[in-house]
Amino acid sequence: MPAAPEVLIIGDYYHVPRQRLIDTYACRIYEDAADPAALLAEIAPSCRAIASHARVDDALMAALPNLGVIANFGVGFDLVDVAAATKRGIKVTNTPDVLNDEVADLAVGLMLATSRQMIKADAYVRTGRWISDGNMPFTQRVWGKRLGMLGMGRIGREIADRCAAFKMEIAYHTRTPKDVPYRHNPDLLALAADSDILISVVPGTPETRHIINTPVLEALGPQGVLINVGRGSAVDEQALVACLQDGRLGSAGLDVFEDEPRVTDALIAMTENVVLQPHHASATHDTRDAMGQMMIDNIAAHFAGQPLISPVN
Ligand code: A2R
């Protein structure tokens, strides 16, 4: 019986599929190595796959000449240098679709929590202010409001469909119009100006970096709500802080940040109009398991010489 193929595990992901991977293949764990360079040198002849939830750069690929596939845990694959992989003939896979509903649920929850100030309201009860100060000041309505979606892909569509049930008026901005029952706006600035709530669910690419900037935030306006469940890099966080601080933007609900897991002190200090989540929109047991399984299935397909399930290059 030939030895199981060697898989390099990089980054932290759900322990259940991770263990399944370890039980199935000969795996080495990058983070466990006292001397990562020595580990790479040792597995260089045999390592044919990386299962990753961390940065995979060209130098790492260069150290593993027999690498055939980088299976990324997550739909967003911005941590993998796909151009370098393609140049080296290495396939990259991701985990699309299995997380759409989960992320959409959290996006809607974040929209409600931010607009209706649910975290602040929770504290209002717990700290006794309901008794000392009387009823909490009123909040902003969600149903029937104008929703702008930045991104209308697999996840964006699920978010929009949920928001349609909230009787919201929905429009979206993408580079190309989609076959959806919502109005396409080719101009993000105009979309922001026409929206009460803007939800961002675009990938982290050079093109989307800081696509939500001061003009977009100002267009959303003093009553506007920004929700980001895509990538932190899509929002100019400094501009966001400035706009929130001086009232040019109303509030924000964020699951993703520019420098995760570090979140700027200014955002942490804003408890009145900002709701923060630890990049966990897809993080339920079921969905993280499904994502892990998809990553494993891609590796298995590669080893079996079969078509990959979700190639990105
Ligand atoms: O622009 P299009 O027509 O390719 O539409 C895509 C849109 N998008 C952009 N919209 C405006 N300006 C851009 N520069 C830009 N780049 C991409 O984002 C499409 O509507 C959407 C991405 O959809 P999917 O590829 O189906 O991704 P999915 O599964 O919805 O996930 C979105 C992202 C992931 O890449 C992770 O970063 C995060 O959510 O979990």
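Just so you know, all these numbers are worked out from the coordinates, no wet-lab data involved. Keep in mind that what you see is a predicted model, and the values were worked out from it rather than measured. Reconstructed Cβ throughout: ideal geometry from the backbone, glycine too, with neighbour counts over all protein chains shown.
Helix 285-303 axis versus longest C-alpha principal axis of the chain: approximately 30°, rounded to the nearest ten. Using a Gaussian network for the chain with springs between C-alpha atoms less than 10 Å apart, which of these wobbles most: VAL16, VAL142, VAL225? In the Gaussian network model the winner is VAL16. Treating each Cα of region 1-130 as an identical point scatterer and summing with the Debye formula, the log10 of I(q)/I(0) at q = 0.11, 0.15, 0.16 Å⁻¹ comes to -0.52, -0.76, -0.82.
Normalised by the number of residues in the chain, the mean separation of alpha-carbon contacts (under 8 Å, six or more apart) gives a relative contact order of 18 percent. Each residue, GLU31 and THR176, gets one label point 7 Å from its Cα in the Cβ direction; the gap between the two is 3.7 nm. For the chain, adding -39500 (n - 2.57) for each run of n ≥ 4 DSSP H residues and dividing by the number of residues yields -10500 deg cm²/dmol at 222 nm. In region 1-160, Cα pairs under 8 Å separated by at least six residues give a relative contact order of 17 percent.
Between the alpha-carbon centres of region 290-313 and region 248-269 there is a gap of 34 Å. Using θ = phi - 60° in the Karplus curve 6.51 cos²θ - 1.76 cosθ + 1.60, the 3J(HN,Hα) couplings for region 174-183 round to 9, 6, 10, x, 10, 7, 9, x, 10, 7 Hz; x is entered for Gly and Pro. Summarising the amide proton neighbourhood of GLY253: residues at separation of 5 or more, or on other chains, whose placed amide H is nearer than 5 Å comprise LEU226, ILE227, ASN228, VAL275. For region 98-180, the C-alpha radius of gyration sits at 1.37 times the compact-globule guess of 2.2 N^0.38 Å, with N the residue count. Phi angles of region 250-261 translate, via the Karplus equation with coefficients 6.51, -1.76, 1.60 and θ = phi - 60°, into HN-Hα couplings of x, 7, 8, x, 10, 9, 9, 9, 5, 10, 5, x Hz per residue; Gly and Pro are given as x. Once the Cα atoms are used to define both axes, helix 100-115 deviates from the longest principal axis of the chain by about 30 degrees. Compute the separation of the alpha-carbon centres of region 86-134 and region 164-216 and state it in Å as a whole number. Spelled out, the Cα-based centre of one part sits 18 Å from the other. Working ranking of peptides 32-43, 208-219, 227-238, 129-140 by packing, defined as the average number of other Cβ atoms within 10 Å per residue, highest first, is 227-238, 208-219, 32-43, 129-140. The string of couplings for region 53-67 from the Karplus curve (6.51, -1.76, 1.60, θ = phi - 60°) is 9, 6, 5, 10, 9, 5, 4, 5, 4, 4, 6, 10, x, 9, 5 Hz, one whole number per residue in order, with x for Gly and Pro. Remark on VAL7: its backbone amide H falls under 5 Å from those of ALA26, CYS27, ARG28, a criterion applied only to residues 5 or more positions apart or on other chains, H modelled at 1.01 Å from N. A straight Cα-to-Cα reach below 21 Å connects LYS167 with the lysines LYS145, LYS178, residues fewer than 8 places away in its own chain not being considered.
Under 5 Å from the amide H of VAL75 lie the amide H atoms of THR95, each residue being 5 or more positions distant or on a separate chain, with H modelled from the backbone and absent for Pro and chain starts. For the chain, the longest principal axis of the alpha carbon atoms and the long axis of helix 154-164 meet at an angle near 20°. Working note: Cα atoms of the chain, range along each principal axis, descending, whole Å: 72, 46, 32.
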